[in-house]
Amino acid sequence: MKILILGATGFIGSAILQRLAAEGHRITGLGRDPDKARLKWPAAEWIKADLAQLSAAAWRPLIEDQDVVVNCAGALQDSLSDDLGATQEKAMLSLYEAARALGGRHIVQISARTDGAAADLPFLATKRRADEALAASGLPFVILRPALVIGRNAHGGTALLRSLASLPGLLPLIHAQSPVETVSLDDVAAAVSLSVDGTIPAGSDLDLAADRTLTLSDLVKLHRTWLGLPAAAVIASPAALAKPVTWAADIAGRLGWRSPLRSTAVTIMSEGVRSLRPKPAGLVLADAAETLAAHPSGVQDLWFARLYLLKPAIILTLSLFWLLSGLIPLLDLSAAAARFPPIVPGSFAVAMTVATCLLDILLGSAVLVRPHARKAMLGMILTSLAYLAGGTILAPQLWLDPLGVLVKVLPSIALTLVSLAILDER
């Protein structure tokens with residue numbers, strides 16, 4: 001079959017892509033960066049498109065040659081990079097309209113449990129309206145609602161689980177006793193395959209969750225064992241402590257950083273992840289322990305777990321370093337300009353001081369905005385090298401300065417290189 005996958009570069013979408021391609025289907029992926037996707041998943045054809053911009057007319061040429069559309073696209077909250085209303089609802093309604101105009105296309109939709117404590121939040125409200133519209137569209141469809149997805153790799157909530165599990169000594173958890181059902185990523189891909197070939201009949205609306213239910217505390221301990229770390233005590237923390245964390249994570253989301261600690265995720269976890277609908281008949285779903293046991297961890301998993309929560313601290317430290325290095329000299333401009341050697345005219349020294357301060361502030365601000373972060377980091381490295389070269393030529397004695405004026409630039413470059421190395425999200 002010819003199958004179009006939306007969100008094909010994501011955690012779930014990429015696993016479905018590989019499963020369906022291995023079964024001999026002709027796969028087309030839709031994404032914002034097809035050139036990068038093509039390098040990683042060459043088995044698929046790739047189309048560049050932004051879901052938020054697709055009208056029914058724009059959908060028609062994308063799906064007219066497809067037999068099935070698998071929708072794995074989604075986002076947790078509105079952010080600089082994501083518009084939930086446009087991508088999870090408006091784009092889907094336009095897709096259904098285009099599919100009907102072409103005589104129908106089979107739609108397999110990856111959704112979520114859309115009721116409960118977070119039901120009115122945009123993440124679930126937009127999914128719910130899209131699901132309801134699909135069910136009423138007259139199109140052949142299957143809706144699959146995975147619980148917390150566990151796989152060999154990790155993204156979002158599962159990445160956070162691994163990171164929390166790697167904390168030294170104690171494990172502070174909010175909502176530690178919330179019940180959490182899980183499902184293997186491989187089983188999600190298998191369910192999509194069964195939906196595509198008709199084994200799961202059209203019109204089905206199913207939950208995907210293993211029979212065994214764990215608490216959040218159990219899951220973190222399970223991941224800690226998987227990482228090969230000694231047992232640690234879980235400290236149940238009051239829910240009020242989540243407020244400053246989710247507030248900071250929501251701000252980061254507005255700047256384009258997709259943190260799993262945003263308020264939507266914490267609200268969902270406050271009541272846990274439980275299934276309510278029927279599960280696929282004849283499909284045995286592996287639980288979290290079985291899934292992890294099938295994929296033993298390596299040292300790279302421990303590195304990832306430890307760096308995951310350090311990543312925002314690293315980015316913030318880098319930003320503050322450059323912001324302060326630009327702001328502090330402006331408090332006493334004449335003293336800062338006096339750092340230039342006597343051969344540099346005073347007016348030029350002042351102008352250069354102001355220019356470099358503004359450049360530092362610009363780089364320190366830009367690195368906080370996700371779409372600009374990589375360019376800002378590259379700019380930081382080039383600027384640092386320029387400072388080192390200029391300082392070495394004009395005032396080589398600064399290498400021996402007791403305050404380490406030039407020496408301190410070297411760890412700054414190293415921190416920037418670390419930031420670049422861990423910047424990618426998927």
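Quick notes
- Scanning region 222-279 for residues that are β-branched (Val, Ile, Thr), closer than 26 Å to His295 by Cα and under 24 Å from the mean Cα position of the chain (by Cα) yields one hit, Val273.
- Flag if Arg100 is assigned to a helix (DSSP H, G or I), surrounded by fewer than 16 Cβ atoms within 10 Å (Cβ to Cβ) and over 22 Å from the mean Cα position of the chain (by Cα): yes
- Of the residues making up region 344-367, one or more are of a type in the set (Phe, Trp, Tyr) and surrounded by fewer than 17 Cβ atoms within 10 Å (Cβ to Cβ).
- Residue tally, condition β-branched (Val, Ile, Thr) and assigned to a loop (DSSP other than H, G, I, E, B), over region 192-216: 2
- Residue in region 137-152 that is in a loop (DSSP other than H, G, I, E, B), within 17 Å of Gly13 (Cα to Cα) and open to solvent by 10 Å² or more (accessible area, probe 1.4 Å) present: yes
- Taking the listed residues Ile47, Ile16, the one that is hydrophobic (A, V, I, L, M, F, W, C), open to solvent by less than 60 Å² (accessible area, probe 1.4 Å) and at pLDDT 95 or above is Ile16, with no other qualifying.
- Filter pass, Ala421 being open to solvent by 30 Å² or more (accessible area, probe 1.4 Å), under 21 Å from Leu363 (Cα atoms) and of a type in the set (A, V, I, L, M, F, W, C): yes
- Options Pro402, Pro371, Pro411; residue that is outside any helix (DSSP H, G or I) and either closer than 30 Å to Leu255 by Cβ or free of Cβ contacts under 8 Å to residues at least 24 places away in the same chain (or both): Pro402
- Total residues in region 58-82, condition open to solvent by 20 Å² or more (accessible area, probe 1.4 Å), of a type in the set (A, V, I, L, M, F, W, C), more than 17 Å from Leu17 (Cβ to Cβ) and assigned to a helix (DSSP H, G or I): 1
- Selection from region 1-58 of residues that are under 20 Å from Gly156 (Cβ atoms) and in contact with a His (Cβ under 7 Å, 6 or more places away or on another chain): Phe11
- Sole residue being under 17 Å from Ile328 (Cα atoms), β-branched (Val, Ile, Thr), free of Cβ contacts under 8 Å to residues at least 60 places away in the same chain and part of a helix (DSSP H, G or I), chosen from Thr353, Thr392: Thr353
- Selected residue (only one of Ala281, Ala286 is touching a residue at least 60 places away in the same chain (Cβ under 8 Å), assigned to a loop (DSSP other than H, G, I, E, B), over 25 Å from Lys243 (Cβ atoms) and not acidic (Asp, Glu)): Ala286
- Filter pass, Leu124 being out of contact with any Leu (no Cβ under 8 Å at 6 or more places or on another chain), crowded, with 21+ Cβ neighbours inside 10 Å, farther than 21 Å from Pro296 by Cα and modelled with pLDDT of 95 or more: no
- Scan region 214-248 for residues that are open to solvent by 50 Å² or more (accessible area, probe 1.4 Å), over 28 Å from Val299 (Cα atoms) and in contact (Cβ under 8 Å) with a residue 40 or more places away in the chain and the total you get is 4.
The values are calculated or read from the model by the stated rules, or taken from the named source; none is laboratory data. All figures in this text were calculated on a predicted structure; none of them were measured in a lab. Note that each Cβ is placed from the backbone with ideal geometry, even for glycine, and that neighbours are counted across all protein chains shown. Side chains included, ligands, DNA and RNA excluded: accessible areas come from the protein's heavy atoms. Shrake-Rupley method; radii C 1.70, N 1.55, O 1.52, S 1.80 Å.
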